[in-house]
Amino acid sequence: MTARPVRMAVVPGDGIGREVVAEVIRLAEALRSAGSLLASWDELDWGADRFLATGRALPPDGFQRLRAFDAILAGAFGDPRVPDAEYMREILFGMRVELDLYINLRPVRCIDERLNPLKHVRASDIDLVIVRENTEGLYCGAGGLVRPNSVHEMALQEMVVTRRCVERIVRAAFEVASTRPRRKVTLVDKGNALRFAGEVWQNTFRQVAVEFPEVMTEHLYADVAAMEMVRDPARFDVIVTENLLGDLLSDLAAMLGGGLGLAASGNINPGQVSMFEPVHGSAPDIAGRGRACPLAAFGAFALLLRHVHRGDLAGVLEAAIGDVVRAGTVTPDLGGTSTTAEVGTAVRERTLERLAA
């Protein structure tokens with residue numbers, strides 16, 4: 001148990017984000033009552049309701065307030081009442097930039113053969129981690145429109161790649177690989193088309209690799225990596241890549257693990273406050289109907305627990321999630337008939353059972 005309470009900021013957001021985060025908080029309360037987790041949390045009302053009421057998605061000092069916490073648990077953002085997604089970007093991209101959450105960590109593991117979409121491989125062959133650069137690339141916001149609203153309208157979207165950011169994400173990928181049995185890192189880029197960015201990534205990758213002689217390396221272009229992920233997912237252990245390509249490949253990989261209902265992510269700055277979230281959207285079409293799958297949110301909580309040095313508890317939770325999935329207690333998106341609350345209860349009870357064993 002940690003020497004001091006883990007302080008969490010909880011940002012449920014919109015739609016099913018509120019429902020799945022509520023199930024995680026019920027688990028956290030149960031763990032705290034059982035003496036297995038020393039933690040406290042504050043819920044923040046950032047999201048569409050606040051934006052519609054005040055014109056702001058978060059308070060002016062919001063990001064500064066987050067620095068007082070050890071970790072952030074987020075739900076999902078998006079509301080049909082707000083067609084412009086600017087408030088979502090203000091929250092999510094704002095956290096990534098203001099808190100320098102430069103590692104986007106997306107583990108993918110297929111925990112049951114019934115969820116495996118690839119009939120030519122075993123579920124056990126699908127076990128990889130994508131380490132995505134989270135602060136620059138084409139997502140840095142540089143660019144603009146020339147001659148807008150005319151027949152000559154032109155968009156400029158600039159890609160920013162710095163040695164500093166590439167080196168730290170590549171080193172993070174090697175550090176992750178060093179903790180896994182296979183110890184392999186694959187660099188994925190599009191250097192054959194994006195020459196200058198590719199040179200920075202490939203040169204830096206080779207230089208950092210020297211510091212990790214126990215880790216195998218390979219380099220693939222992104223289109224080849226996408227094909228190989230479907231043809232032979234067992235080829236991959238840890239993938240390191242830039243922002244846009246990581247966004248695309250991580251969603252492809254999520255489908256190999258059973259879909260977005262199981263896909264969790266961490267937005268991490270090691271040793272600093274970091275944010276953890278399921279990667280699915282707010283799904284307003286099913287909000288309030290008890291159909292949302294909370295397993296990705298539980299997976300995000302497990303990543304959060306590892307960040308605050310409770311890997312022991314994270315392992316128990318991840319094992320409990322596997323037990324529940326294999327028992328068939330899942331929501332309709334995973335082929336089951338259980339409700340959000342029923343899945344949440346099953347994960348909570350199984351986690352406590354494993355802790356008591």
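So the values come out like this:
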item	result
Antiparallel content of DSSP bridges confined to the stretch 117-256, in %, to 5	25
Distance between modelled label sites at residue 178 and residue 85, nm, 7 Å Cα→Cβ extension	3.6
Antiparallel bridge percentage (DSSP; both residues within the chain; nearest 5)	40
Most mobile listed residue (88, 275, 159) in the chain, GNM with C-alpha springs under 10 Å	159
Residue-averaged [θ]222 nm for the chain, counting only DSSP H segments that reach four residues, each worth -39500 (n - 2.57)	-13000 deg cm²/dmol
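Where a number appears in this text, it was derived from the coordinates with a stated rule and is not lab data. From a predicted model like this one, the values you see are computed outputs, not experimental measurements. Using ideal geometry, Cβ is built from the backbone for each residue, glycine included, and neighbour counts are taken over all protein chains shown.
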